[in-house]
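Here's the structure, in structure tokens; my notes come after.
The values are calculated or read from the model by the stated rules, or taken from the named source; none is laboratory data. Being a predicted model, the structure only gives us computed values, none of them experimental. Ideal geometry is used to build each Cβ from the backbone, glycine not excepted, and the neighbour counts take in all protein chains shown.
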Amino acid sequence: MVKRDIKEKLKGIKLLILDVDGVMTDGRIIMDNEGKEIKNFDVRDGHGIKILQRYGIKVAILTGRKSKVVEYRAKDLEINDVYQGAFNKKEVFGRILEKHKLSASAVAFLGDDIVDIPVLKSVGFSAAVADAIDVVKKSVDYITGHKGGQGAVREICEMILQAQGKWPEIAAKYEFTEYV
């Protein structure tokens, strides 16, 4: 059950911005002997993103690292707004708002580390994954029940869709009646 004030914030969300390492992934980076990077992404998080997009909510990626893996995952999920190597995430956030002609109140951001705090404090709805560092958890509207790379993104996607009244249509489409 989502608290009323959080539900009100979620009703106006038009864009979800996601960090990558520790949010879309579990934060671990595997490198092989040739320096090739491997990241683990949760397929259910990906499906949540796709459902969100089908219902008119845009999704962007905003990450401090640069990785070909992120480019591939974004392409797979049809996320066109990908900002990598963002050392000043708040500055890039401002450019995202301008590009989409949105107010900060229409944006949700899911993060996990201190580099995310300036954006988390600026958006209409801020969330941290369950295994975020403590100072981040103290800076947000909501802490997910799931860890990064293990369903946290899906949780936020579903919360947005529920708050915006789109969940009954989704339930009908996928032929389920209860939300557990």
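Here is how the numbers come out for the structure above:
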quantity: Residues of segment 60-76 satisfying the condition of being surrounded by fewer than 20 Cβ atoms within 10 Å (Cβ to Cβ) and assigned to a loop (DSSP other than H, G, I, E, B); calculated: Gly64, Arg65, Lys66, Ser67
quantity: Failed criterion for Asp76 (all others in (1) closer than 25 Å to Gly165 by Cβ; (2) in contact with a Gly (Cβ under 9 Å, 6 or more places away or on another chain) hold); calculated: (1)
quantity: Residue within segment 6-15 that is touching a His at 6+ places or on another chain (Cβ under 9 Å), in contact (Cβ under 8 Å) with a residue 40 or more places away in the chain and surrounded by 12 or more Cβ atoms within 10 Å (Cβ to Cβ) present; calculated: yes
quantity: Lone unmet requirement of (1) modelled with pLDDT under 95; (2) on the phi > 0 side of the Ramachandran plot for Phe87; calculated: (2)
quantity: Segments classed as helices (runs of 4 or more DSSP H), wholly inside segment 79-180, with at least 1 members that are surrounded by fewer than 18 Cβ atoms within 10 Å (Cβ to Cβ) and aromatic (Phe, Trp, Tyr); calculated: 167-173
